[in-house]
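Structure record follows, encoded as structure tokens.
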Amino acid sequence: MTVHLSERPAPVATLPVVRPRPVPSAPRVRRFVLEVARFSVVGGSGVAVNILFFNLALHGLTWAPMAATVAASCVAMGTNYLGFRYFAYRDRASRTRRQIALFFAFSGLGVAMESVLFYAGYHGLGMSGPLGSNIAKALSIVLASAFRFVVYRTWVFQHARNSR
């Protein structure tokens, strides 16, 4: 038997190194949960304003359905700004013209989304009775609120640059 000392041993298979994902810190998770809770409180009051004004306009004042939904959304948008600015996101960067412009621009997109969704339910799915119109309105609000949450926290009510 001959042994060649210059030969290299056969490579040994190695497993890839698996690095665990960093676990979010408890204070960070707590801040996010509080943010969602505050957003929900303001959003919930905005939904109440939206639904009440919508029903007053549609069934009380007999406005056209689309006029009632857009007007109700705009009234709720104004009350929501105050709630978000002074309650939900009071710890964020101070009020600026840019912040106000972004809020109303993104809120306008939210109103457009909400109106399209309401139209689809009211006219497309035949949800035109008193109960059906309220269900269509509520569903349109819920779906547009997901969009609003993301854009408000990401672009409108940002943390001050040096407080992160």
Which whole-number percent gives the relative contact order of the stretch 64-164, counting Cα pairs below 8 Å spaced six or more residues apart? 37
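When only C-alpha pairs under 8 Å and at least 6 residues apart count, what is the relative contact order of the stretch 16-135, in percent? Could the numbers behind the result be given before it?
Working: 63 pairs, mean separation 29.5, N = 120.
Averaging sequence separation for qualifying contacts and normalising by length gives 25 percent for the stretch 16-135.
With a probe of 1.4 Å, find how much accessible area the stretch 34-164 has per residue, and write the answer as a whole number in Å².
Values: 6940 Å² over 131 residues.
On a per-residue basis, 53 Å².
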Starting from the residue with the highest accessible area, list Y89, Y122 in decreasing order, probe 1.4 Å. Y122, Y89
If amide hydrogens are placed 1.01 Å from N in the peptide plane, which non-local residues have theirs closer than 5 Å to the one on W63? L58
Calculate the dipole size of the stretch 52-127 relative to its Cα centre from +1 charges on Lys and Arg beta carbons and -1 charges on Asp and Glu beta carbons; express the result in debye to the nearest 20. 460
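Rounded if a/c is under 1.5, else prolate if a/b is larger than b/c, else oblate: which is the stretch 66-164, with a ≥ b ≥ c the root eigenvalues of its Cα gyration tensor? Write out the running numbers ahead of the final one.
Values: a/c = 2.91, a/b = 2.66, b/c = 1.09.
Cα axes put the stretch 66-164 in the prolate bin.
Just to make sure I understand: if all protein chains stay in place, what is the order of V156, V116 by accessible area at 1.4 Å, largest first?
Working: V156 5, V116 100 Å².
Order by accessible area, largest first: V116, V156.
Whenever you get a sec, compute what percent of the accessible area on the stretch 28-73 sits on carbon and sulfur atoms (1.4 Å probe).
Details: 1820 of 2510 Å².
After summing per-atom areas, the C and S share lands at 72 percent.
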Accessible area of L34 in the full protein assembly, 1.4 Å probe (Å², nearest 10): 60
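The values are calculated or read from the model by the stated rules, or taken from the named source; none is laboratory data. Remember, it's a predicted structure, so these values are computed and weren't measured experimentally. Neighbour counts are summed over all protein chains in view; Cβ atoms, including those assigned to glycine, are modelled from backbone coordinates with ideal geometry. Quick note on the areas: whole protein, heavy atoms, side chains included, nothing else; ligands and nucleic acids left out. Shrake-Rupley method; radii C 1.70, N 1.55, O 1.52, S 1.80 Å.
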